[in-house]
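Read the structure below first, then the notes.
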Amino acid sequence: MDIREEQLIEFFKKSGANEEQARVMSRQMVRRATQLATERGWSEVQAMQHLLKLFLEARGQ
């Protein structure tokens, strides 16, 4: 597990997920960010920012 996943796990836990949920969500988000970066020609950072923005917007509704 890299630092990015560890940070995401902590983020999701602070958002209300339990440990296992946070780990699953972290893995899924990293995988999807990699896919988006490849599909859209974005950097992985841009893709992750996009996904986190979507998560926060969905959470606010």
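The values are calculated or read from the model by the stated rules, or taken from the named source; none is laboratory data. Since the model is a prediction, treat every value here as computed from it, not as a measurement. Because the Cβ atoms are built from the backbone with ideal geometry, glycine has one as well, and the counts that use them run over all protein chains shown.
Odds and ends about this structure:
- The set of residues in the range 4-30 that are within 21 Å of residue 46 (Cα to Cα), of a type in the set (D, E, K, R) and either over 10 Å from the mean Cα position of the chain (by Cα) or modelled with pLDDT of 95 or more (or both) comprises 6, 10, 27.
- For the range 44-61, filtered to residues that are polar (S, T, N, Q) and surrounded by 11 or more Cβ atoms within 10 Å (Cβ to Cβ), the residue that is farthest from residue 5 (Cα to Cα) is 46.
- Scanning the range 13-43 for residues that are touching a residue at least 12 places away in the same chain (Cβ under 8 Å), surrounded by fewer than 14 Cβ atoms within 10 Å (Cβ to Cβ) and among the small types (Gly, Ala, Ser) turns up just one, 15.
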